[in-house]
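Enquirer: So that we are looking at the same thing, I have put the structure below in structure tokens.
All of the numbers you see were taken from the coordinates with simple rules; none came from a lab. Note that the structure is a prediction, hence the values are computed from the model and not measured. All Cβ positions, even for glycine, are placed from backbone atoms using ideal geometry, and neighbour counts span all protein chains on display.
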Ligand SMILES: Nc1ncnc2c1ncn2[C@@H]1O[C@H](COP(=O)(O)OP(=O)(O)O)[C@@H](O)[C@H]1O
Ligand SMILES: [Mg+2]
């Protein structure tokens with residue numbers, strides 16, 4: 001679905017990583033780890049097309065990134081759900097409208113009942129009309145997850161989705177992601193929380209990737 | 001499950017927060033520009049009408065002025081009339097009676113002018129046939145047969161007058177073009193300000209998969225609507241002002257002609273839709289220019 005081939009990227013001439021080859025196939029589950037500043041967020045931004053790789057190629061659903069026009073990229077993004085580290089809400093819209101935003105922006109019908117069910121699924125049924133800035137970090141992150149899955153995306157990318165959550169909530173949110181994965185969604189979670197990965201591993205056959213020494217490596221049994 | 005038509009979803013319009021300043025600015029600009037445009041339009045119509053009136057009325061008639069000693073006056077008048085009668089292209093010739101001459105002079109000298117004491121030249125009004133006469137030839141024949149007669153065929157002062165009217169009309173058209181250009185520039189500025197203020201919103205919309213035309217539409221719709229409403233008010237005000245112009249009467253010249261007559265009142269109704277089209281194009285161009293810089 002999303003394929004990276006010998007991709008290299010960095011900022012201001014300094015390369016963060018190079019020779020990254022990665023395939024997010026149907027129903028796959030990946031963790032992406034690495035120290036802060038290693039380039040996890042950067043790799044994710046490449047995966048939803050916000051960045052264009054300095055070298056190498058990226059394919060979305062079989063199509064080269066550079067061959068997709070602006071509309072093509074938009075349509076590809078409608079099939080990729082993203083939980084951004086900083087949530088990226090529209091602060092003037094209610095939480096409910098923010099969750100429905102990918103449908104509205106994608107000019108698709110908004111099934112109101114589905115939006116309400118999803119809000120309940122992440123435990124935010126009481127906050128439908130709240131404005132994002134009035135919510136706690138954890139609530140915002142759960143809403144961000146709801147927004148990421150509202151379109152039933154083929155791929156879900158999550159950047160530190162449990163960064164603001166307590167342990168209990170983190171585990172719950174992760175089980176939501178596992179549930180999605182069982183229904184066929186490819187999942188990639190960037191996190192530096194190794195405990196979370198250890199807890200999840202028995203429930204799902206996840207591959208753990210790590211950015212280290214400017215390369216993407218498959219982490220082994222040391223976890 | 002209640003699914004609405006996504007294109008009619010009111011939420012699609014709310015994705016961009018309601019703007020403060022740029023909204024008022026656009027309304028005001030559109031209103032003021034429409035007001036000015038109505039006057040430029042009225043000026044253009046008036047100049048058009050004046051040019052037509054002068055061109056027609058003045059070219060149809062000419063005057064022969066006879067200045068001669070009182071003893072020769074009747075004789076020379078008869079000769080002039082005979083010459084005119086035999087000139088091809090002259091439809092009719094008529095001696096203007098003394099009382100009529102008095103009426104012509106009254107506005108300047110008052111009603112009590114002792115006409116009989118003045119050595120007034122006699123005036124013969126010549127009405128031209130459609131094919132026109134050869135004024136050069138007529139002038140030569142008059143000089144030979146009635147030395148006191150001078151042909152005044154108005155062309156001397158008719159041409160600059162008609163030219164001035166045409167120039168006025170061109171200036172009015174130029175004014176309208178400038179108003180259109182200025183409106184486009186100012187709407188572009190207001191739209192650009194709004195787009196810049198909403199950079200974060202645009203970025204998020206792109207991230208969640210919005211196509212450029214969806215994002216552009218949210219801005220274009222607003223600015224087009226504002227321009228339409230502002231211009232509607234401006235046009236109404238301009239038309240009202242023209243209606244309320246005091247009637248300067250026949251002697252008002254250009255002033256009495258400034259305004260619309262009959263179906264001409266339909267012309268200014270085109271101003272608001274035109275303003276909307278200008279705003280639509282300007283905002284669309286500005287939006288797509290900004291969007292090119294967003295992945
Ligand atoms: N837009 C940017 N411009 C310049 N440098 C950046 C930019 N974004 C990130 N970086 C730098 O790239 C490095 C990797 O950042 P990031 O991908 O966010 O790492 P991680 O998510 O693993 O913490 C950091 O050193 C960061 O300062
Ligand atoms: Mg990061």
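Enquirer: How far apart, in nm, are two points set 7 Å out from the Cα along the Cα-to-Cβ line at residue B:109 and at residue A:57?
Expert: 10.1 nm
Enquirer: For the range B:49-103, just say rounded, prolate or oblate: build the C-alpha gyration tensor, square-root its eigenvalues into a ≥ b ≥ c, call rounded for a/c under 1.5, and beyond that prolate if a/b exceeds b/c, oblate if not.
Expert: oblate
Enquirer: Pairing the Cα long axis of helix B:212-243 with the longest principal axis of chain B, what angle in degrees results, from 0 to 90 and rounded to the nearest 10?
Expert: Approximately 30 degrees, to the nearest 10.
Enquirer: Please pull out the direction-averaged projected area of the range A:32-136, using the convex hull of its alpha-carbon atoms, in nm² to one decimal place.
Expert: Average of the hull's projected areas for the range A:32-136 equals 8.7 nm².
Enquirer: Could you tell me the extents of the range A:70-186's C-alpha atoms along the three principal axes, largest first, rounded to whole Å?
Expert: Computed over the Cα atoms, the extents are 38, 32, 26 Å.
Enquirer: Would you list B:152, A:71, A:193 from fewest to most Cβ contacts within 10 Å?
Expert: Ranked by crowding around the Cβ, least crowded first: A:71, B:152, A:193.
Enquirer: Any number yet on Rg/Rh for the protein assembly as shown, C-alpha, Kirkwood?
Expert: Reported Rg/Rh, Kirkwood definition of Rh: 1.37.
Enquirer: Could you give the nm distance between label points at residue A:168 and residue B:96, where each point is 7 Å from its Cα heading toward the beta carbon?
Expert: Distance between label points: 10.8 nm.
Enquirer: State the Cα centre-to-centre distance between the range A:9-41 and the range A:166-183 in whole Å.
Expert: If you average the Cα positions of each part, the centres end up 22 Å apart.
Enquirer: Based on the alpha-carbon gyration tensor of chain B, what equivalent-ellipsoid semi-axes (square roots of 5 times the eigenvalues) come out, in whole Å, largest first?
Expert: 67, 19, 14
Enquirer: Would you work out if the range B:34-171 is rounded, prolate or oblate? Take a ≥ b ≥ c from the square roots of the eigenvalues of the alpha-carbon gyration tensor; rounded if a/c is under 1.5, else prolate when a/b is larger than b/c, oblate otherwise.
Expert: Oblate.
Enquirer: Taking a ≥ b ≥ c as the square roots of the eigenvalues of the Cα gyration tensor of the range A:90-152, is the shape rounded (a/c under 1.5), prolate (a/b larger than b/c) or oblate?
Expert: It comes out prolate by the Cα gyration axes.
Enquirer: Using the Kirkwood formula on the Cα atoms of chain A, what hydrodynamic radius do you get, in angstrom to one decimal?
Expert: Hydrodynamic radius (Kirkwood, Cα only) of chain A equals 17.8 Å.
Enquirer: What residue among B:165, B:216, B:146 shows peak mean-square fluctuation when chain B is described by a Gaussian network model with Cα springs under 10 Å?
Expert: B:146
Enquirer: Once the principal axes of the Cα atoms of the range B:68-147 are found, what is the range along each, listed largest first in whole angstroms?
Expert: 40, 30, 16
Enquirer: For the Cα atoms of chain A, what angle does the longest principal axis make with the long axis of helix A:112-121, in degrees from 0 to 90, nearest 10?
Expert: 70 degrees
Enquirer: Given the options A:59, A:96, A:108, state which has the largest fluctuation in a GNM of chain A using a 10 Å cut-off (strictly under) for Cα springs.
Expert: Of A:59, A:96, A:108, the most mobile in the Gaussian network model is A:108.
Enquirer: Helix-derived [θ] at 222 nm for the protein assembly as shown: sum -39500 (n - 2.57) over DSSP H runs of at least 4, divide by residue count, nearest 500?
Expert: -17000 deg cm²/dmol
Enquirer: Taking only the C-alpha atoms, wrap a convex hull around the range B:110-198 and report its volume per residue in Å³ as a whole number.
Expert: So the per-residue Cα hull volume is 203 Å³.
Enquirer: Looking at chain A as a GNM with Cα springs under 10 Å, which of A:136, A:94, A:28 has the largest mean-square fluctuation?
Expert: A:136
Enquirer: So for A:9, A:84, fewest C-beta neighbours within 10 Å to most, what's the order?
Expert: A:9, A:84
Enquirer: If you restrict to DSSP beta bridges whose two residues both lie in the protein assembly as shown, what percentage is antiparallel, to the nearest 5?
Expert: If we restrict to bridges inside the protein assembly as shown, about 65 percent are antiparallel.
Enquirer: Just how far, in whole angstrom, is the range A:65-106 from the range B:86-149 if you go by their alpha carbon centroids?
Expert: Each part reduced to its Cα centre gives a spacing of 86 Å.
Enquirer: Hey, got the average number of other protein chain Cβ atoms within 10 angstrom for residues in A:78-89?
Expert: 2
Enquirer: Now, a different point. What angle do you read, to the nearest 10 degrees and between 0 and 90, between the alpha-carbon axis of helix A:167-182 and the longest principal axis of chain A?
Expert: The answer is roughly 80 degrees.
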